[in-house]
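Here the structure comes first, spelled out in structure tokens, and everything after it is commentary.
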Amino acid sequence: MPPPQPSGNGAAPQNGGRRVRKRRRRTTPVGASPGTIAPPLDALPLELSAIAYGRGGVTEKRGATLAEIQALRRLGGVVWIDVIGLADPAMLRALGAEFDLHRLAVEDVANVGQRAKVEDYEDHTFVVLRMIDAQHPTETEQLAMFVGPDYVLTFQERPGDCFQMVRQRLRDPQGQMQKRGADYLGYALLDAVVDGYFPTLERLDDRIEQVEHEILADQQPKDAVAELHAVRRALLELRRAVWPLREATSSLLRGEGRNFSADVRPYLRDVHDHIVQLIDLLESQREMTSSLLDLHLSHVNHRLNEVMKLLTIISTIFIPLTFLVGVYGMNFDWMPELRVWWGYPACMAAMVAMALLMLRWFRNRGWL
């Protein structure tokens, strides 16, 4: 049987179908020049899509080219460029030149191991955060976002995101999205990423409750340790993504992102509140998994102690019986009990009586 092939993000199914993610290594050479773009080895081909909106309505381009993006910008309004895949360094440099992005920020786009952060430049704000992977909801991928005066650029590692509702709001002519600027669109994308964590945490909470029910019902789940370990690993992955995000949104609330206007800060405050709720849920679920693991191990030890106690009682009952049999198994010539007709029944009766007395004594002591 051939070995399992790794999936697109460097992970291979192991341990009975469980997916074990392989951690990525840094691809930028040591001592490389600042601004060197080194996409990950498993990066997908780059694909562009654009949505332009303003007074003239909404215009969408899937599979857009750089020339089409330039034409959309000349129409005025706000342009949202969504980039999926990072395997084309030349196109990343061209986008950086088109929107006058800082070379270090473009480098961080390709280096997908970034921590959530906010960096403010003169004409754009660079935001890095972790987004729930659409194919594997317990894992995250990097989302890089540039917010300028009339544009928003987002860079995703893989297809599938949580922005479908934002796209529908942009298409609604009666909604508020078409009347707002690029900073409000940046807020909406940030809010969609944060809200995407809640369904994942709810699913993890359901798994924790199922394991808790099995343990408390004494069903002896064989894979409880593996399941709890998988949940703890997923929670650790989410914790790495959410905790730095709170600091990043706090910097936006303090006004460090100059491309986010004061009108948008109340909405950013709401995003910050959601992040605090996520952190509370994460910490409570991590404590619950640790408690359930301890409870499961306590149940296992308790069952082991019960088995050992039963075996000890059985051995204790047979110790005097073995002694009695050993006495009458000695080959002495003068043993009067061996030559009378009632010797064998008397010995058996004594053994049964001795066993029953010991069982009654154990029961009175509460050992049975």
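The values are calculated or read from the model by the stated rules, or taken from the named source; none is laboratory data. Only a predicted model underlies this, so the values are computations on that prediction, with no experimental measurement involved. We place every Cβ from the backbone using ideal geometry, glycine too, and count neighbours over all the protein chains shown. Accessible surface is based on the protein model in full, side chains and every heavy atom, while ligands, DNA and RNA are left aside. Shrake-Rupley method; radii C 1.70, N 1.55, O 1.52, S 1.80 Å.
Applying the criterion of being in contact with a strand residue (DSSP E or B) (Cβ under 8 Å, 6 or more places away or on another chain) and of a type in the set (Gly, Ala, Ser) to the residues of segment 91-136, the residue that is nearest to residue 147 (Cα to Cα) is 105. Per the conditions (1) at pLDDT 90 or above; (2) open to solvent by 20 Å² or more (accessible area, probe 1.4 Å); (3) in contact with a Leu (Cβ under 9 Å, 6 or more places away or on another chain); (4) not in a strand (DSSP E or B), the sole criterion not satisfied by residue 69 is (2).
Looking for something of a type in the set (Gly, Ala, Ser), open to solvent by less than 50 Å² (accessible area, probe 1.4 Å), part of a helix (DSSP H, G or I) and closer than 30 Å to residue 187 by Cβ - is there at least one such residue anywhere in segment 221-233?
Let us first name the residues in segment 221-233 that are of a type in the set (Gly, Ala, Ser), namely 224, 226, 230.
Keeping just the survivors that are open to solvent by less than 50 Å² (accessible area, probe 1.4 Å) gives 224, 226, 230.
Subsequent filtering for residues that are part of a helix (DSSP H, G or I) retains 224, 226, 230.
Retained after the next criterion (residues that are closer than 30 Å to residue 187 by Cβ): none.
No, because not a single residue in segment 221-233 is of a type in the set (Gly, Ala, Ser), open to solvent by less than 50 Å² (accessible area, probe 1.4 Å), part of a helix (DSSP H, G or I) and closer than 30 Å to residue 187 by Cβ.
Cβ-Cβ contacts under 7 Å between residues 6 or more apart (or on different chains), taken from a first residue in segment 67-94 that is closer than 12 Å to residue 39 by Cβ to a second residue that is at pLDDT below 90 and surrounded by fewer than 16 Cβ atoms within 10 Å (Cβ to Cβ), are absent. In this structure, residue 298 does not qualify as farther than 30 Å from residue 119 by Cα, loosely packed, with under 14 Cβ neighbours inside 10 Å and at pLDDT 85 or above.
How about segment 243-266: which of its residues are charged (D, E, K, R) and more than 17 Å from residue 180 (Cα to Cα)? Walk me through it before giving the result.
Residues of segment 243-266 charged (D, E, K, R): 246-247, 254, 256, 258, 263, 265.
If the condition is that a residue be charged (D, E, K, R) and more than 17 Å from residue 180 (Cα to Cα), then 246, 247, 254, 256 are the ones that fit.
Total residues in segment 35-65 satisfying the condition of being of a type in the set (A, V, I, L, M) and over 22 Å from residue 189 (Cβ atoms): the figure is 3.
Residues in segment 82-134 that are of a type in the set (Asp, Glu), within 22 Å of residue 195 (Cα to Cα) and in a strand (DSSP E or B): 82 only. Going by what's in this entry, would residue 192 be described as outside any helix (DSSP H, G or I), over 30 Å from residue 306 (Cα atoms) and among the small types (Gly, Ala, Ser)? Criteria not met by residue 192. Tell me, which residue of segment 323-345 that is in a helix (DSSP H, G or I), farther than 29 Å from residue 312 by Cβ and not aromatic (Phe, Trp, Tyr) is most open to solvent (accessible area, probe 1.4 Å)? The qualifying residue most open to solvent (accessible area, probe 1.4 Å) is 339. Scanning segment 119-134 for residues that are surrounded by fewer than 22 Cβ atoms within 10 Å (Cβ to Cβ) and either under 26 Å from the mean Cα position of the chain (by Cα) or closer than 18 Å to residue 158 by Cβ (or both) yields a count of 2. Of all residues in segment 156-186, those satisfying the criterion of being in contact (Cβ under 8 Å) with a residue 24 or more places away in the chain, in contact with a helix residue (DSSP H, G or I) (Cβ under 8 Å, 6 or more places away or on another chain) and part of a helix (DSSP H, G or I) are 165, 166, 170, 177, 178, 184, 185.
Being under 29 Å from residue 237 (Cα atoms), β-branched (Val, Ile, Thr), surrounded by 15 or more Cβ atoms within 10 Å (Cβ to Cβ) and touching a Ser or Thr at 6+ places or on another chain (Cβ under 8 Å) is true for just one of 83, 106. Which residue is that?
Working: 106 fails: touching a Ser or Thr at 6+ places or on another chain (Cβ under 8 Å).
Sole residue among the options that is under 29 Å from residue 237 (Cα atoms), β-branched (Val, Ile, Thr), surrounded by 15 or more Cβ atoms within 10 Å (Cβ to Cβ) and touching a Ser or Thr at 6+ places or on another chain (Cβ under 8 Å): 83.
The test for being at pLDDT below 90, surrounded by 15 or more Cβ atoms within 10 Å (Cβ to Cβ) and at positive phi holds for residue 77.
Matching residues to (1) of a type in the set (A, V, I, L, M); (2) loosely packed, with under 13 Cβ neighbours inside 10 Å; (3) touching a residue at least 24 places away in the same chain (Cβ under 8 Å); (4) closer than 30 Å to residue 306 by Cα:
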residue	(1), (2), (3), (4)
217	yes, yes, no, yes
242	yes, no, yes, no
247	no, no, yes, no
254	no, yes, no, no
261	no, no, yes, no
265	no, no, no, no
288	yes, no, yes, yes
293	yes, no, yes, yes
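Answer yes or no as to whether residue 311 is over 45 Å from the mean Cα position of the chain (by Cα) and either within 25 Å of residue 362 (Cα to Cα) or touching a residue at least 12 places away in the same chain (Cβ under 8 Å) (or both). Walk me through it before giving the result.
Numbers: over 45 Å from the mean Cα position of the chain (by Cα): no; either within 25 Å of residue 362 (Cα to Cα) or touching a residue at least 12 places away in the same chain (Cβ under 8 Å) (or both): yes.
Criteria not met by residue 311.
If you go through segment 187-210 and pick out every residue that is open to solvent by 10 Å² or more (accessible area, probe 1.4 Å) and in contact with a helix residue (DSSP H, G or I) (Cβ under 8 Å, 6 or more places away or on another chain), you end up with 7.
So, in segment 135-155, exactly how many residues are open to solvent by less than 30 Å² (accessible area, probe 1.4 Å), among the hydroxyl-bearing types (Ser, Thr, Tyr) and not in a strand (DSSP E or B)? Within segment 135-155, residues that are open to solvent by less than 30 Å² (accessible area, probe 1.4 Å), among the hydroxyl-bearing types (Ser, Thr, Tyr) and not in a strand (DSSP E or B) number 0.
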